Amino acid sequence: MPTATELCIYYEALRSYYAGRAPERNENSPPFERVLRVIAGFGKADAVLGNLRGGLPAGEVLTPAALAAMPDVALERALRPAGLAGSKLRKVRGLLNVLAGGASMADVPAFRRELVSMRGFGRESADAVALHALDYPVFAVNARTYRLLKRHGFVGEDAGYAEMQDLFQGVLPEEAGVYKEYYHLIRQLAADFCRAAKPLCAGCPLKGYMEYEPDD
Ligand code: SF4
């Protein structure tokens, strides 16, 4: 079984392989828009935010209060480009409820806890929001991360979220920029090589670190 420190080697290997292909960033948007972008999903956010703006009354801007007034049917329609519109709708409503309850995005740990307690959110989504939208240094684990860790023998089939998160957080510098970059590198790796079915190990930048070929 590889040690967690090898994740630092993977990080450098991926950075080197994908050098010059910067991850998507919308760091200049207001925090509320950045949170919506994370919920919509990378690659779909522009379409979703365009729809949300288009669904508002003329002259109104994208604020929590404006979205809260939008009927579910219109909100779900606006979220469709992101896929899983029903699940995204629950997340957006959860977010709006947290904000309506007085939570501040400036207090990220408290805001993150509030999100986790909301229907539709889990730790994965709340951590993704905290990291990508609010620059809070927490490593956000997702299915692609699990796939990579499992295929390379870092974790077993039944690995839990915290176990996987601790692996990364235990060896990487505690910096949002590093966690974000690694997240995007794994996302790109999963798109190019480490697919859910039939991974393309030949040619993968991490092929040299495989002990055996995965069978799924
Ligand atoms: S070598 Fe294969 S299993 Fe490993 S990351 Fe690449 S595609 Fe995935």
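The values are calculated or read from the model by the stated rules, or taken from the named source; none is laboratory data. These figures come from a predicted structure and were not determined experimentally. Here the Cβ is made from the backbone with ideal geometry for all residues, glycine too, and neighbour counts use every protein chain on show.
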Scan segment 125-135 for residues that are of a type outside the set (V, I, T) and surrounded by 17 or more Cβ atoms within 10 Å (Cβ to Cβ) and jot them down.
S125, A126, D127, A128, A130, L131, H132, A133, L134
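Filter segment 197-209 down to the residues that are within 8 Å of the ligand (Cβ to nearest atom) and part of a helix (DSSP H, G or I), then identify the one that is farthest from M1 (Cα to Cα).
K207
Please work out if A82 is among the aliphatic types (A, V, I, L, M) and either more than 29 Å from L189 (Cβ to Cβ) or not assigned by TED's automatic domain parsing to the domain that holds G122 (or both). Step through it out loud before you land on a result.
Working: among the aliphatic types (A, V, I, L, M): yes; either more than 29 Å from L189 (Cβ to Cβ) or not assigned by TED's automatic domain parsing to the domain that holds G122 (or both): no.
For A82, the condition - among the aliphatic types (A, V, I, L, M) and either more than 29 Å from L189 (Cβ to Cβ) or not assigned by TED's automatic domain parsing to the domain that holds G122 (or both) - is not met.
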Of A126, A58, A103, A19, which residue is within 21 Å of A140 (Cβ to Cβ), assigned to a loop (DSSP other than H, G, I, E, B) and not aromatic (F, W, Y)?
A103
Matching residues in segment 150-196 - criterion: being part of a helix (DSSP H, G or I) and near the ligand (Cβ under 10 Å from one of its atoms):
K150, R151, I186, L189, A190, D192
